[in-house]
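See structure below.
The values are calculated or read from the model by the stated rules, or taken from the named source; none is laboratory data. Treat the numbers as computed from the prediction; the structure is a model and nothing was measured. For neighbour counting, all protein chains shown are included, and Cβ atoms are generated from backbone atoms with ideal geometry for every residue, glycine included. Surface areas here come from the heavy atoms of the whole protein model, side chains and all, with no ligands, DNA or RNA. Shrake-Rupley method; radii C 1.70, N 1.55, O 1.52, S 1.80 Å.
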Amino acid sequence: FLMLYIAFGFYLQSFNQTRQILALTIVLYAVKYVKKQKIFKYIALILFASIFHESALIFIPLYFVTKIKLDKKIFFLYLIGTIILVFGDKLIYNIVSLTKYSIYFTTQYNVSNVSSTYFNAMVRIILLIFCLKYRKDLLENNKYNFSYHMIMICTMLQFLTIKYYFLGRLTTYFFAFYIIILPKCLQIFLLKVNPRYRQILKILIYIVIVLYFIVYYFSPSGSINSGYSIYEFIFKEWR
């Protein structure tokens, strides 16, 4: 979990997205109450998270998707929803224009076709396909149903981010749910392979994760160009 948290960039993002990452951490903690179906505790935590970043409020209505089992029919509806979002981006523009976030349309973040958005979309599609392969194993007790819905929404929003780059901040919430699902999927994957190759595959998985972090760190829209490299250890000047 910790390795994915760092490799996926959340640790570095917390340097200058402190409020949102703090809200995200609280949202992830609130997921335990989704699994226990304790809606009032869940909503209380989401409201608490919204004190740090209002965007966390989107997770209040999303609580109810846990009642919807992610089957082939729902997957098809997500696919249709993605197509509508991609080709109906003007509708999204009009909706956002009615909120205080319309200010982003007049900033440097209102750009399209940024190279990193294509890379992120590709990564999310690969991760989604891999995780969906093991959904039957994880959805037996409905424990991961909510998280599966979140990574589906993550992929939908990522396609929209190609058009509106500033929406990348919103996808951060949903991308974080891979930290919950991916380790379990990898665990199931390793249990199903030949024991003779298990250790080799573990090493390869670690290498892939590290390589992803390196690419993310040095990419044009990654850590360095986002200013993360200017931070220094708090005790650097101590002698």
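Key figures
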quantity: Flag if Tyr29 is at pLDDT 90 or above and part of a helix (DSSP H, G or I); calculated: yes
quantity: Flag if Gln187 is open to solvent by 60 Å² or more (accessible area, probe 1.4 Å) and under 30 Å from Phe146 (Cβ atoms); calculated: yes
quantity: Among residues of region 180-223, those that are at pLDDT 90 or above and among the basic types (Lys, Arg), counted; calculated: 2
quantity: Complete set of residues in region 135-152 that are assigned to a loop (DSSP other than H, G, I, E, B) and either buried (at least 20 other Cβ atoms within 10 Å of the Cβ) or in contact with a Pro (Cβ under 8 Å, 6 or more places away or on another chain) (or both); calculated: Tyr144
quantity: Conditions (1) part of a helix (DSSP H, G or I); (2) within 20 Å of Leu157 (Cα to Cα); (3) at pLDDT below 90; (4) open to solvent by less than 70 Å² (accessible area, probe 1.4 Å); number of the one not met by Leu70; calculated: (1)
quantity: Some residue of region 109-128 being in contact with a Leu (Cβ under 9 Å, 6 or more places away or on another chain), at pLDDT 75 or above, crowded, with 21+ Cβ neighbours inside 10 Å and part of a helix (DSSP H, G or I); calculated: no
quantity: Residues of region 155-199 that turn out to be farther than 19 Å from Lys35 by Cβ and assigned to a helix (DSSP H, G or I), as a count; calculated: 28
quantity: Test: residue in region 35-54 that is modelled with pLDDT under 90, assigned to a helix (DSSP H, G or I) and in contact with a Leu (Cβ under 9 Å, 6 or more places away or on another chain); calculated: no
quantity: Out of Leu24, Leu45, sole residue that is in contact (Cβ under 8 Å) with a residue 60 or more places away in the chain, out of contact with any strand residue (DSSP E or B) (no Cβ under 7 Å at 6 or more places or on another chain), open to solvent by less than 50 Å² (accessible area, probe 1.4 Å) and not basic (Lys, Arg); calculated: Leu24
quantity: Selection status of Leu182, more than 21 Å from the chain's Cα centre (by Cα) and in contact (Cβ under 8 Å) with a residue 12 or more places away in the chain; calculated: no
